[in-house]
Structure formats: C-alpha cells, structure tokens
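Asker: My questions will all concern the structure given below.
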Amino acid sequence: MSRILLIVSGGIAAYKALELVRLLRRDGVGVTSVLTDGGAQFVTPLSLQALTEEKVYSSLWSLTDESEMGHIQLSRAADLLVVAPASANILAKMAAGLTDDLASTVLLATDKPVLVAPAMNVRMWTHPATVAAMATLRGRGVHVVGPEEGAMACNEYGFGRLAEPAAIQAAIRSLLHHASLHHASPAAARPLAGRHALVTSGPTHEPIDPVRYLANRSSGRQGHAIAAALAGLGARVTLVTGPVGVPDPPGATVHRVETAEQMLAACMAAFPADVAVCAAAVADWRVAAQSSTKIKKTPGGVPPTLTLMPNPDILATLATAGPARPRLVVGFAAETDDVLDHAQAKRTRKGCDWIIANDVRPETGIMGGELNEVYLVTASGVEAWPRLPKSEVAGRLAQRIAEALDVAEALA
Ligand code: CTP
C-alpha cells in the first residue's frame, strides 16, 4: 500500500484536506497527517483522525509522539509528502529551511518527493517573496499543484484558490505511480532518458494593436501535464507555451511566446527532437495589418474591419520537416461532431503519426475541466481511453511515446 504524509497548514481551504483524505483512502492510499497550529484553527485533529483512521501528529515536543514515531520516522514511513493546503508561511519556511514546528522540521528532514498545493490570498501569491520562494522550491524539485484562479474567501478574485481535491488526488496518483516504477527499477522509471521531447501548449495571442489581441480559451493544462509526464519519464523537455495561468511543469525548459509565428520559431530553434507533441490551441488566423498604435474610436465613426490571414500550421510544419522531422509527431483534435472521422482526416492532412482526439461539446465538460476522455488515433487504428484526470492522460501518453520510440529505434 502506498502511504503519504499529509501536512495540513493554515488557511480557510484546510477543510478541503478532509475531502482529499476521503479520496485518497478510496484509492487505497494510507494517510498519516500532521496538523500545524494554523491548520488546527480550521480543521480539528478529531476529524482528520476519523477520516485517516490514524493518529494525528502536531507537536514537535511531544515525548510520547517522539518515542512512538519521531519526526524523521514520519517522513521515512511515507512514499510522498503532501502539503495541502500550503500557506504562504509554510512555503516561505520550506524555501528558507526554517524548522520551528513539526511540519517544517519533517519537510527539512525528508528525502522523499514533496508535493505542495498552495492556497492563499492573490496578493500573497503574487508577492515577490512568495514568487521567489516558489522558484526556489521548484528549482529543488518540489512538485506543485495549483493554485487555481477564482473567487476567494476574502472577496477578491485571482490565483490563490487551493486546487480541487480531485486535482490534488490526480497529482498524488501520478507521483506515487512514478515512485513505484522507480522502486521497481530505476531504468524502467526513466525510459525516455537521453531523448528530447518538444511540447507546445496553451493558446496564442494575435495582436490587433498594442493593447488588443485575438485569443482562445485554452488553459494549457493538458499540454503542461504532458510536458511534466515526459520529464517524469526522464526526457529532456522543451515546452513552448502561449500565455497561460497554470504553473510551469516540473523538469521542463519553458519558452514563453505570444503569437503563432513566435511559437513556430521557438519550436524550430529547439530542433532536433525525438518526439513533438503539439497540444497548443494555435490561433488559425492573425490580423493582416496590425496597427502600431492603439486604434481609436472616432465619434460617429464606423467600427474598424479586421482582415485576417492564415497562421503557419506548426504541427504540419514539424511533421513535414524533412530529415529533421522528429521520429514521432503527435497532434490533437478537439472536435464537436464526427470526432473519429475528423481526427483520421486531420492525421493524414497534417502528416503527423498520432492524433489525440476528444469530443469538446460543452456538455462533456472537458474544455477547461480537470478530466479528459480521448481517443488515440494511429495509422493502425483507434483506441478509446476511459475518462481520466488530464495528468493521467498525460502519463499514459508519455508511456506510449516511450514504447513507440523504443520500437522505432529497434527497427531503425
Ligand atoms: N495546430 C498547430 N498550428 C496551427 C493550428 C493547429 O500546430 N496553426 C495543431 C494543434 O496544436 C493541434 C492540431 O494542430 O495539435 C489541431 O488542429 P486544429 O487547429 O484543431 O484543426 P484544424 O486543422 O484547424 O482543423 P479544424 O479547425 O477544421 O478543426
């Protein structure tokens, strides 16, 4: 049985930690919890103990706790440490290496992977102190899920809401999966070691004038999850992303661009690659004549007319790049009707090897949501995958890519 050490720190979102425990227990994951003083203002040790069916730890100085299960042992017994919610305070302490309570001491003493799910007011999240702490933690390999954008308890709006328990559960599943592979055999856990993967993600913004642009609603979640999953399997990953609000995926080199033309240039600059996964929702058109100054209204004047011209098709360009073509090129097809017919046609038209197709009619809840239900369309047929968290779709795809590259190499 996998086991996590769940650290619940202070914040109104701490109540969601109880739902997370319920989901993890349903997955068969053992949960030991540490409640900080701040966390205990929002959830009680009794509710955590009832749901985890284990003793809840909170004091560094409890003699009984130390003799039964010392702070080093607490982390030794776990496969993964999860801080949810992670307050600005605990993140700052982790970055600085401070140890003034049980939670921060365990976090400094551990050699296990750590996942944090930040939750705080948007101004605290965007404060340079928190931004610097997060950069330090990410640089040390700490995994991050969320925060999400939305309305907050303090009547403000922005990034800072704790990721939904299902999203934290999905991140935990994927990290535990990698950890178990790693225990089984380090080589099996890094089947993409030595390979270079190029991933596009997010929307593009096509300027109309210096202040306005054309865009779409892509969140970048699926593309970023794929970059993280490929890096998790040992690939060197270059992620070329349009403007998104989701955090950088751990382990990838990230190039931020705005327009389709910049995205294509960044992809070409990253060549050669063994595999390219084009998950970006690239704008099909850009404005033919961008204005270098802000377009002004004139009283009683007619509204401007935008003339559009086609953008380069990045997927098709990479798939037909001649000798430099990545061995495996994967595209996406978001469709609202005749999903498989359109996906097959797109695969042939764009010259890619695989298409990940999905049905994005609004009633499916897939666009912008946490779950995805896809078909893998290849030259040899169609596979229907079950409805899964986007991180698990990414994990499966990364595994399939590893297998396909091994087969291609063996046949070369
Ligand atoms: N794509 C791309 N560059 C573009 C347009 C699309 O790389 N300029 C890639 C996307 O990243 C995705 C796939 O092509 O992998 C999706 O194609 P899409 O734009 O949805 O389909 P279209 O070819 O535009 O066809 P349609 O709009 O008819 O669905």
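Values quoted throughout were computed directly from the atomic coordinates according to the rules given, and no laboratory measurement underlies them. Computed from a predicted model, the values in this text were never measured in an experiment. Quick reminder, even Gly has a Cβ in these numbers, built from the backbone with ideal geometry, and neighbours come from all protein chains shown.
Asker: Give the peptides 255-262, 83-90, 378-385 in descending order of average Cβ contacts within 10 Å, highest first.
Answerer: Working: 255-262: 18.0, 83-90: 25.9, 378-385: 11.4.
The most tightly packed comes first, giving 83-90, 255-262, 378-385.
Asker: Further, regarding this structure: Can you give the FRET efficiency for Ala269 and Val360, using 1/(1 + (r/R0)^6), R0 = 25 Å, r = Cβ-Cβ distance, to the nearest 0.05?
Answerer: The computed FRET efficiency comes out at 0.25.
Asker: Using only the Cα atoms of segment 190-411, build the gyration tensor, take square roots of its eigenvalues as a ≥ b ≥ c, and label the shape rounded, prolate or oblate: rounded if a/c is under 1.5, else prolate if a/b is larger than b/c, else oblate.
Answerer: Prolate shape, in that a/c is at least 1.5 and a/b is the bigger ratio.
Asker: By its C-alpha gyration tensor, with a ≥ b ≥ c as the square roots of the eigenvalues, how is segment 108-176 shaped: rounded for a/c under 1.5, else prolate for a/b larger than b/c, else oblate?
Answerer: Verdict is oblate for segment 108-176.
Asker: Want the number for Ala288 to Gln399: 0.36 nm per residue separation, take away the alpha-carbon distance, what's left? Before the final figure, lay out each step's value.
Answerer: Values: separation 111, 0.36 × 111 = 39.96 nm, distance 4.12 nm.
Gain in length upon complete extension: 35.8 nm.
Asker: Using a ≥ b ≥ c from the Cα gyration tensor of segment 309-412 (square roots of the eigenvalues), is it rounded, prolate or oblate, where a/c under 1.5 gives rounded and otherwise the larger of a/b and b/c decides, a/b for prolate? Present the calculation step by step, with values, prior to reporting the outcome.
Answerer: Details: a/c = 1.93, a/b = 1.28, b/c = 1.51.
Since a/c reaches 1.5 but b/c is at least a/b, the shape of segment 309-412 is classed as oblate.
Asker: Pairs of alpha-carbon atoms within less than 8 angstrom and 6+ residues apart define the contacts here; what relative contact order does the chain have, in percent?
Answerer: The value is 11 percent.
Asker: Before rounding to the nearest 500, sum -39500 (n - 2.57) across all DSSP H runs of length at least 4 in the chain and divide by the residue total; then give [θ] at 222 nm in deg cm²/dmol.
Answerer: For the chain, the value works out to -11000 deg cm²/dmol.
Asker: On a 0 to 90 degree scale, rounded to 10, what angle separates helix 128-139 from the longest Cα axis of the chain?
Answerer: Around 90 degrees separate the two axes.
Asker: With N residues in segment 3-182, what two-decimal value do you get for its Cα radius of gyration over 2.2 N^0.38 Å?
Answerer: My calculation over the Cα atoms of segment 3-182 gives 0.95.
Asker: Counting only Cα, what are the radius of gyration and maximum Cα-Cα distance Dmax of the chain, in Å?
Answerer: 23.2, 81
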